[in-house]
Structure formats: structure tokens, C-alpha cells
Amino acid sequence: MPMVQIDLRRDVFEEKGTAISKAIHAGLMEGLDMPEDDLFQIFRPHDDGEIVFSPHFAGVDRRDLVLLRITMVHMFPVDTKSRMYSALATHLEAAGVRHEDVLICVVEVGFEDWYAGTPIRGEVA
């Protein structure tokens with residue numbers, strides 16, 4: 001159950017938010033074999049000057065940074081995460097976000113760090 005926080009400029013959200021949401025979901029389904037109903041996204045649009053980044057760090061030509069922070073259970077091997085990054089970049093590019101403008105940060109947690117609305121083990125339902 002990945003939870004995705006998306007930081008981007010407000011005008012990009014207003015213009016492409018729905019397409020970006022669908023692209024992220026498609027990329028996670030493809031990259032992690034995630035089920036279709038596993039959808040948890042938080043968009044955080046920002047005004048000018050609220051997203052500060054290096055436009056040329058590591059030789060990349062960044063213009064409009066779209067930052068994805070994906071919190072997920074630590075269970076995927078590196079090759080699966082690489083497949084996810086590639087799928088996300090491909091789907092986002094199809095939605096109008098240049099792959100150079102995508103920055104993905106994965107935060108991995110244990111199974112015990114989630115509560116998803118179901119009874120906790122040992123809890124009476």
C-alpha cells in the first residue's frame with residue numbers, strides 16, 4: 001500500500017493534476033504489480049518560490065520539479081524499485097511531465113508501521 005505525496009507547482013497541478021494522478025497510479029501498478037484499488041495520493045500544490053531546487057544538479061536539465069515521496073513497506077528488491085522508477089517516469093512523461101523534472105524519493109517502513117482501517121492483530125473486531 002504505497003502512499004504517494006506529490007509536491008508540484010500549483011499551475012502544473014491545476015493543468016495536469018488528474019493526468020499526473022492517473023500516471024502515478026499506472027506506474028505503480030506496472031512497476032510494483034500493485035492492485036488497481038490500491039490508491040493513496042496526496043497532492044501538495046505550491047506557489048512560486050515554494051519549491052527550491054537546483055536546475056542542473058547531476059547534469060540534468062530540470063525546469064518544473066515534480067517531487068514524488070513514496071512511503072511503502074520495505075519488501076521490494078532493488079530491481080523491482082528500478083522497474084517502478086522507469087514505469088513512473090514513462091507514464092508521467094505521457095501525462096506531460098518531462099522525465100528530467102521528476103524526482104522520486106522512497107521512504108520504506110515496516111509492516112508494523114501501517115494502519116489501514118482493518119483490525120490490528122490481537123484486537124477484537
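The values are calculated or read from the model by the stated rules, or taken from the named source; none is laboratory data. The shown structure was predicted, so the numbers you read here are calculated from the model rather than taken from an experiment. Glycine gets a Cβ as well: all are built from the backbone with ideal geometry, and neighbour counts include every protein chain shown.
Filtering D47, D64, D101 for residues that are in contact with a Leu (Cβ under 7 Å, 6 or more places away or on another chain), acidic (D, E) and closer than 21 Å to A19 by Cα leaves a single hit, D101. Contact map, the range 31-54: residues that are farther than 16 Å from L67 by Cα paired with residues that are surrounded by fewer than 16 Cβ atoms within 10 Å (Cβ to Cβ) and among the small types (G, A, S), Cβ distance under 9 Å, separation 6+ or inter-chain. Pairs shown: G31/S82; G31/S86. Here G110 clears all of (1) in contact with a strand residue (DSSP E or B) (Cβ under 9 Å, 6 or more places away or on another chain); (2) exposed (fewer than 15 other Cβ atoms within 10 Å of the Cβ); (3) under 27 Å from T18 (Cβ atoms); (4) small (G, A, S) except the condition numbered (3). Residues in the range 38-70 that are out of contact with any helix residue (DSSP H, G or I) (no Cβ under 9 Å at 6 or more places or on another chain) and either basic (K, R) or within 14 Å of V4 (Cα to Cα) (or both): F40, I42, L67, R69.
Taking V78 as meeting all but one of (1) of a type in the set (A, V, I, L, M); (2) surrounded by 11 or more Cβ atoms within 10 Å (Cβ to Cβ); (3) without any contact (Cβ under 8 Å) to a residue 40 or more places away in the chain, write down the number of the exception. Here V78 clears every test but (2).
The single condition from (1) touching a Leu at 6+ places or on another chain (Cβ under 9 Å); (2) buried (at least 16 other Cβ atoms within 10 Å of the Cβ) that L32 fails is (1). Among the residues of the range 3-30, which ones are in contact (Cβ under 8 Å) with a residue 40 or more places away in the chain, assigned to a helix (DSSP H, G or I) and of a type in the set (V, I, T)? Within the range 3-30, V12, I20, I24 meet the criteria.
Scanning the range 98-119 for residues that are of a type in the set (V, I, T) and modelled with pLDDT under 90 yields a single hit, T118.
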